Amino acid sequence: MVRGKTQIRRIENLASRQVTFSKRRRGLLKKAFELSVLCDVEIGLIIFSAHGKLYEFTSSRCPEKQRKESFWLLTVNRKLSAMNKLLMEENDRLQKQVSELVYQNGHMHQQVQNVCICDNKKHQL
């Protein structure tokens, strides 16, 4: 039985997306390992999940170099996560501010309409 070609686009269902990420991540890490062994090459692979979790593979023969790189990547990831949190908070604050301004604009628009109706009634009398 032949499978149809999978269309590459974002998976909308969160659970399906997570399962696919997990399976494909493991497959990618396995392929990287196999390539490093079969071809005697050094490979470095870094994967960041949607939540900012770091997954890595290196075929480096030098564990100290690998530890340093890993520590550096974790430091960078923490800084990026902190910046992302600040940006998300700022985004929430701005969204609330926009909502308040939209509400105020609608309220002022209603007041202007009421004033216009009253002026029209005065002119008709």
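Per-structure values
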| quantity | calculated |
| --- | --- |
| T20 vs. criteria surrounded by 11 or more Cβ atoms within 10 Å (Cβ to Cβ) and among the hydroxyl-bearing types (S, T, Y) | yes |
| Condition broken by T6, with the remaining ones in (1) loosely packed, with under 10 Cβ neighbours inside 10 Å; (2) touching a strand residue (DSSP E or B) at 6+ places or on another chain (Cβ under 7 Å); (3) among the hydroxyl-bearing types (S, T, Y) satisfied | (2) |
| Residue under evaluation N84, criteria (1) under 16 Å from H51 (Cα atoms); (2) at pLDDT below 85, criterion not met | (2) |
| Residue satisfying condition, being outside the structural domain of K79 (by TED's automatic domain parsing), surrounded by 13 or more Cβ atoms within 10 Å (Cβ to Cβ) and acidic (D, E), within set E56, E34 | E56 |
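Each row is one residue, and each column tells you yes or no for (1) over 27 Å from L14 (Cβ atoms); (2) more than 22 Å from the chain's Cα centre (by Cα); (3) assigned by TED's automatic domain parsing to the domain that holds R10; (4) in contact (Cβ under 8 Å) with a residue 60 or more places away in the chain.
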residue: K30; (1), (2), (3), (4): no, yes, yes, no
residue: F48; (1), (2), (3), (4): no, no, yes, no
residue: K79; (1), (2), (3), (4): no, no, no, no
residue: L87; (1), (2), (3), (4): no, no, no, no
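The values are calculated or read from the model by the stated rules, or taken from the named source; none is laboratory data. Please read all numbers here as calculations on a predicted model, not as lab measurements. Positions of Cβ are generated from backbone atoms using ideal geometry, with glycine treated the same way; all protein chains shown enter the neighbour counts.
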